[in-house]
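J.: Pasting a structure here, questions to come.
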Amino acid sequence: MSTSPDLHALLGADADALLSYTAKAFPAENLTRIFNHGFTTRKDGHGFGLHSGAIAAKELGGSLAAFSEGAGRGATFTLELPGKQPMLNP
């Protein structure tokens, strides 16, 4: 059983959902590559997480974006999803 709130119940069925997460910073040169399949900076990383997340967000009619002012300055990831899901097979 989930204890997470139902976003549509809180915001209304037509509302957009916006979630921001602040993380450890990454070098500015990685900003253009972090959503690429297989890109990782971790020794044991696979590079699937952010790539899969961006694809899932797009398929739901939203987006996943990242912003950082550079190493040591933090990074913000923003997931935006529409309140009404697009029809996949109209």
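A short reminder: the numbers here are calculations on the coordinates, not readings from a lab. Here the structure is a predicted model, which is why all the values come from computation and not from measurement. Glycine also receives a Cβ, built like all others from the backbone with ideal geometry; neighbour counts cover every protein chain displayed.
J.: Taking all pairs of different Cα atoms in region 29-82, averaging 1/r and flipping that mean, what Kirkwood radius in angstroms comes out? Display every interim value, and only then the final one.
T.: Numbers: mean 1/r = 0.0842 Å⁻¹.
So the Kirkwood estimate lands at 11.9 Å.
J.: Then there is this: Taking the beta-carbon count within 10 Å as an exposure proxy, list Arg42, Arg73 from fewest neighbours to most. Could the numbers behind the result be given before it?
T.: Values: Arg42 7, Arg73 10.
So the residues, fewest neighbours to most, are Arg42, Arg73.
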